[in-house]
1. Of the residues that make up segment 85-93, is at least one within 16 Å of the chain's Cα centre (by Cα), at pLDDT 90 or above and in a helix (DSSP H, G or I)?
2. Restricting to segment 227-248, give me the number of residues that are of a type outside the set (A, V, I, L, M), open to solvent by less than 50 Å² (accessible area, probe 1.4 Å) and not in a helix (DSSP H, G or I).
3. With respect to I121, determine if the residue is in contact with a helix residue (DSSP H, G or I) (Cβ under 9 Å, 6 or more places away or on another chain), in contact (Cβ under 8 Å) with a residue 60 or more places away in the chain and either surrounded by fewer than 17 Cβ atoms within 10 Å (Cβ to Cβ) or closer than 26 Å to I159 by Cβ (or both).
4. Considering only residues that are surrounded by fewer than 19 Cβ atoms within 10 Å (Cβ to Cβ) and either aromatic (F, W, Y) or in contact with a helix residue (DSSP H, G or I) (Cβ under 7 Å, 6 or more places away or on another chain) (or both), which ones fall in segment 156-172?
5. Mind listing just one residue for me: the one in segment 96-115 that is of a type in the set (G, A, S) and open to solvent by less than 10 Å² (accessible area, probe 1.4 Å) and, of those, nearest to I82 (Cα to Cα)?
6. Pull out all pairs, ordered by first then second residue, where Cβ-Cβ is under 6 Å, the residues are six or more apart or on different chains, the first lies in segment 209-226 and is in the same structural domain as V107 (by the TED database) and in a helix (DSSP H, G or I), and the second is surrounded by fewer than 18 Cβ atoms within 10 Å (Cβ to Cβ) and of a type outside the set (K, R).
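The values are calculated or read from the model by the stated rules, or taken from the named source; none is laboratory data. Predicted model, so just to flag it, every value in this text is computed and none were measured. Heads up, the Cβs are rebuilt from the backbone with ideal geometry, glycines too, and the neighbour counts pull from every protein chain shown. Each accessible area value is taken on the protein alone, full model and side chains, heavy atoms only, with ligands, DNA and RNA left out. Shrake-Rupley method; radii C 1.70, N 1.55, O 1.52, S 1.80 Å.
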Amino acid sequence: MPHRTPRRQKIARLVHDHGFMSVEELACSLNVTPQTIRRDINVLCEHNILRRYHGGAAPGSSVQNEDYDTRKNKLQSEKAHIADLIAEHIPDNASLFMSIGTTIEAVALALVKNHKNLCIITNNIHVASIVSGRPDYTVIITSGVVRPVDGGITGVATIDFINQFKVDYAILGASGIEADGSLLDFDYKEVSVMQAMMANARHCYLAVDHSKFGRNALVRIGDVTEFHAMFTDEPPSAGLCKKLDDAGVRWHLAAKEGEE
């Protein structure tokens, strides 16, 4: 069930603006039944946009991400379609930064299917494992400290390592995108690594599925306008579309199942 219906977007915005709202307050504000609000809250909680409390809802956690297995198993088809679309925009013989995240791992799977002679620099041990089987690829793993929760590599040594390179493309994800275009994540060390990748790439591509729109997180990566293109599976909000268009950022919509 899509979570980005106009009513659910209004619920999320009201709860974030007020910090907490009861089911009755939301039902009155939106002129729907409490049962409808409860169903909407359940869906928004499944996407970590809200947290359910007795009698109402509050914003989702900004300090703790979902565990890796949950994220990996969520929206697999959507991530695969986003990954295929990004792969179409990467030529053979290119150099890439690839960051942490399950969507980025899907991009790695898409690239190995038919891309030749890539040089991939990554702080994601799962990405490295996926692409290392290709004899025509150069695969470089950054230095740094490996996070046991998801195989991500972060730290000062990671940033220093990345700053040695200038690549053609950086393919990055984000844990959340606010309505004003702010890109968010949960780990400041991971954010510092992504910012270094952005600074050392000629083209920056953002890969995000629709669950990231309106999602809360603690640390600011940057702004959507700092990317050359965004790839997703559902259209952004009208306000975000305008911001992207005004900044000259291309946004690409992946095909849904059966639309290829």
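1. Within segment 85-93, the subset within 16 Å of the chain's Cα centre (by Cα) is 85-86.
The next check asks that each one be at pLDDT 90 or above; those that pass are 85-86.
Still in the list and also in a helix (DSSP H, G or I): 85-86.
So far as segment 85-93 goes, yes, one or more of its residues are within 16 Å of the chain's Cα centre (by Cα), at pLDDT 90 or above and in a helix (DSSP H, G or I).
2. 7
3. Taking the combined requirement at face value, the residue does not satisfy it.
4. N163, F165
5. First pass over segment 96-115, keeping only residues of a type in the set (G, A, S): 99, 101, 106, 108, 110.
Still in the running and open to solvent by less than 10 Å² (accessible area, probe 1.4 Å): 99, 108, 110.
Details: S99: 15, A108: 11, A110: 9 Å.
For segment 96-115, the residue satisfying everything is A110.
6. Partner pairs satisfying both residue conditions: H210/E234; T225/A247.
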